[in-house]
Structure formats: structure tokens, C-alpha cells
Amino acid sequence: MLVNCQKIKARMVELGTNQSEVATKMGIDRSTLNSKVNNSEGKRLTLEDAFKLCDILQIEDPTTYFFCN
């Protein structure tokens with residue numbers, strides 16, 4: 001799953017949160033979340049990760065944030 005990382009980061013700013021807080025809520029390390037959001041190091045978000053992000057970041061329409069490949 002591909003991610004619009006700029007929109008995810010902007011949403012974190014809107015909510016006054018950061019990657020460390022979001023990663024803790026997801027139960028993963030901040031560096032892992034960073035790699036998944038940025039599609040780096042061969043790490044990608046799973047569907048479960050995307051659902052968790054939508055819940056944590058209060059995303060109602062995920063179609064502008066996530067893309068299937």
C-alpha cells in the first residue's frame with residue numbers, strides 16, 4: 001500500500017501530534033512508522049496499519065491518503 005506521506009504528516013500537524021505519539025498508539029517503533037509512511041527500506045503499510053492510522057488520525061476518507069498497488 002502506498003501512502004501520501006505529505007498528507008499524513010500534515011494531518012499529524014493539524015491534530016498536534018507527531019510520529020512518536022502515533023507510533024506508540026500503533027504499537028510500533030517511530031523509525032518503523034517513518035519507514036512505512038515514507039515507503040523506504042522496503043517497508044510498506046499493511047491494510048491493518050492503514051486502518052490504525054485512520055483511527056488515530058481521525059481520517060474519514062482514506063482514499064486521498066492511501067493507494068493500493
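Could you check segment 17-41 and list, in sequence order, the residues that are assigned to a helix (DSSP H, G or I), in contact (Cβ under 8 Å) with a residue 12 or more places away in the chain and open to solvent by less than 70 Å² (accessible area, probe 1.4 Å)?
Q19, V22, M26, L33, N34, K36, V37
How many of the residues making up segment 52-61 are under 11 Å from the mean Cα position of the chain (by Cα) and either closer than 16 Å to N4 by Cβ or touching a residue at least 24 places away in the same chain (Cβ under 8 Å) (or both)?
Here the count works out to 6.
What number of residues in segment 1-11 are part of a helix (DSSP H, G or I) and either surrounded by 14 or more Cβ atoms within 10 Å (Cβ to Cβ) or in contact (Cβ under 8 Å) with a residue 24 or more places away in the chain (or both)?
Residues in segment 1-11 being part of a helix (DSSP H, G or I) and either surrounded by 14 or more Cβ atoms within 10 Å (Cβ to Cβ) or in contact (Cβ under 8 Å) with a residue 24 or more places away in the chain (or both): 5 in total.
From E14, E60, which residue is of a type outside the set (V, I, T), open to solvent by 50 Å² or more (accessible area, probe 1.4 Å) and part of a helix (DSSP H, G or I)?
Selected residue: E14, the only one of E14, E60 that is of a type outside the set (V, I, T), open to solvent by 50 Å² or more (accessible area, probe 1.4 Å) and part of a helix (DSSP H, G or I).
Considering (1) of a type outside the set (A, V, I, L, M); (2) open to solvent by 30 Å² or more (accessible area, probe 1.4 Å); (3) in a helix (DSSP H, G or I); (4) in contact with a strand residue (DSSP E or B) (Cβ under 9 Å, 6 or more places away or on another chain), say which one R44 fails and leave the rest.
Answer for R44: the failing condition is (3).
The values are calculated or read from the model by the stated rules, or taken from the named source; none is laboratory data. Everything numeric in this text was worked out from a predicted model, so none of it was measured. Backbone-built Cβ (ideal geometry, glycine too); neighbour counts: all protein chains shown. The protein model used for the area step is the full one, side chains on, heavy atoms only, and it has no ligands, DNA or RNA in it. Shrake-Rupley method; radii C 1.70, N 1.55, O 1.52, S 1.80 Å.
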